[in-house]
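To start, the structure itself, in structure tokens.
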Amino acid sequence: MKKSQIKIVVTSGPTREFMDPIRFISNPSTGRMGYYIARASVNQGYKVSYIVGPVPAAFSKIQGAKNISIVSTEDMLNSVLNELESESVLIMAAAPADYHPEKKSDIKIKKTEMPYIHLVPNPDILKTVKKHIEKNNIKDVTLIGFAAETHEPEKYAMKKLKEKELDMIFMNDLSKPDSGFQVDTNHLTVFRNDGSYTRWKKDTKERLGYKIIEEIETWLEL
Ligand code: CTP
């Protein structure tokens, strides 16, 4: 693969699953890690699509990238499928909601109506992409995941690497201070699908954005 032909698709932030017009299920992701990965990709000269959920304005747009704002996990999946092409790298830094309420009320649910929220699973974006690229014969797509874990992080990161058939997964140890949601730093370990891994020192998400792109370039021998 030639560096100049590669497109990098980065997802970032949370998704929202509404149960009525004003209430939703989500998580505290702010999109910082994905933002810095996408910005580093633009600065390194790549064509970049930045698919982002509802995040603070500072992390919602990147100059020089194609910025796509989405709300739900289904929206994120559709945008990812639209953006992927041969010779692309998908970096799933987003924290998509895994479930959505089975029914969404068109009007506000009153507090007198004690709601019973039945949740149904959302599609797994990485697994759906894998099937899509095989079915449509889209060549040379590199799949990169993230794993945010509070316990047994190595075990779960390696399980996700295998089950989602990824090239690489970046594990984020949420049990460590200064790591994960709503902070400027991360403790990352990268696991590759050749069985090797590297534990990185704590670093700012801004610097990690560049390190992640370098790591992918080494993997792809660019
Ligand atoms: N991911 C995805 N589709 C989803 C949920 C997550 O593609 N519906 C991606 C994330 O963007 C991340 C990776 O899968 O790159 C792992 O996400 P994570 O939330 O850690 O794991 P889950 O597969 O959701 O499993 P669990 O919540 O049980 O840890």
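Lys61 passes every criterion in (1) more than 17 Å from the chain's Cα centre (by Cα); (2) more than 16 Å from the ligand (Cβ to nearest atom) apart from (1). Kindly establish whether Ser79 is away from the ligand (no atom under 15 Å from the Cβ), surrounded by 15 or more Cβ atoms within 10 Å (Cβ to Cβ) and modelled with pLDDT of 95 or more. So Ser79 fails the test. Among the numbered conditions (1) assigned to a helix (DSSP H, G or I); (2) within 8 Å of the ligand (Cβ to nearest atom), the only one that His132 does not meet is (2).
Checked against the criterion of being touching a strand residue (DSSP E or B) at 6+ places or on another chain (Cβ under 6 Å), of a type outside the set (Gly, Ala, Ser) and within 16 Å of the ligand (Cβ to nearest atom), segment 103-116 has no qualifying residue.
From Met33, Met19, which residue is within 15 Å of the ligand (Cβ to nearest atom) and open to solvent by less than 40 Å² (accessible area, probe 1.4 Å)? Can you show your working first?
Numbers: Met19 fails: within 15 Å of the ligand (Cβ to nearest atom).
On inspection, the qualifying residue turns out to be Met33.
Here the condition is being at pLDDT below 95 and away from the ligand (no atom under 15 Å from the Cβ); of Pro153, Pro177, it holds for Pro177 alone.
Going residue by residue through segment 138-153, is there one that turns out to be within 20 Å of Ile6 (Cβ to Cβ), without any contact (Cβ under 8 Å) to a residue 40 or more places away in the chain and under 17 Å from the mean Cα position of the chain (by Cα)? No, segment 138-153 has no match at all. Considering Val42, Val55, the condition of being outside any helix (DSSP H, G or I) and either in contact with a Lys or Arg (Cβ under 7 Å, 6 or more places away or on another chain) or of a type outside the set (Gly, Ala, Ser) (or both) is satisfied by Val55 alone.
If you check Arg32 against the conditions, is it touching a Lys or Arg at 6+ places or on another chain (Cβ under 7 Å) and within 16 Å of Phe181 (Cβ to Cβ)? The answer is yes for Arg32. Got a sec? Which of Leu143, Leu126 is under 28 Å from Ser179 (Cβ atoms), at pLDDT 95 or above and in contact with a Gly (Cβ under 8 Å, 6 or more places away or on another chain)? Being under 28 Å from Ser179 (Cβ atoms), at pLDDT 95 or above and in contact with a Gly (Cβ under 8 Å, 6 or more places away or on another chain) holds for just one of Leu143, Leu126, which is Leu126.
Can we say Ser86 is open to solvent by 10 Å² or more (accessible area, probe 1.4 Å), touching a residue at least 24 places away in the same chain (Cβ under 8 Å) and under 22 Å from Arg192 (Cα atoms)? Steps first, answer last, please.
Working: open to solvent by 10 Å² or more (accessible area, probe 1.4 Å): yes; touching a residue at least 24 places away in the same chain (Cβ under 8 Å): yes; under 22 Å from Arg192 (Cα atoms): yes.
Criteria met by Ser86.
Checked against (1) over 18 Å from the mean Cα position of the chain (by Cα); (2) more than 22 Å from Glu87 (Cα to Cα); (3) part of a loop (DSSP other than H, G, I, E, B); (4) without any contact (Cβ under 8 Å) to a residue 24 or more places away in the chain, Asp194 passes all but condition (2). Scanning segment 88-110 for residues that are more than 22 Å from the chain's Cα centre (by Cα) and within 24 Å of Asn27 (Cβ to Cβ) yields a total of 6.
Here's the yes/no breakdown for (1) in a loop (DSSP other than H, G, I, E, B); (2) within 15 Å of Thr11 (Cβ to Cβ):
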residue	(1), (2)
Met76	no, yes
Ala97	yes, yes
Ile109	yes, no
Thr128	no, yes
Leu161	no, no
Asp178	yes, no
Gln182	yes, no
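The values are calculated or read from the model by the stated rules, or taken from the named source; none is laboratory data. Since this is a predicted model, take the numbers as computed values, not measurements. Cβ: placed from backbone, ideal geometry, glycine included. Neighbour counts: every protein chain shown. Calculation scope for accessible area: heavy atoms of the full protein, side chains included, ligands and nucleic acids excluded. Shrake-Rupley method; radii C 1.70, N 1.55, O 1.52, S 1.80 Å.
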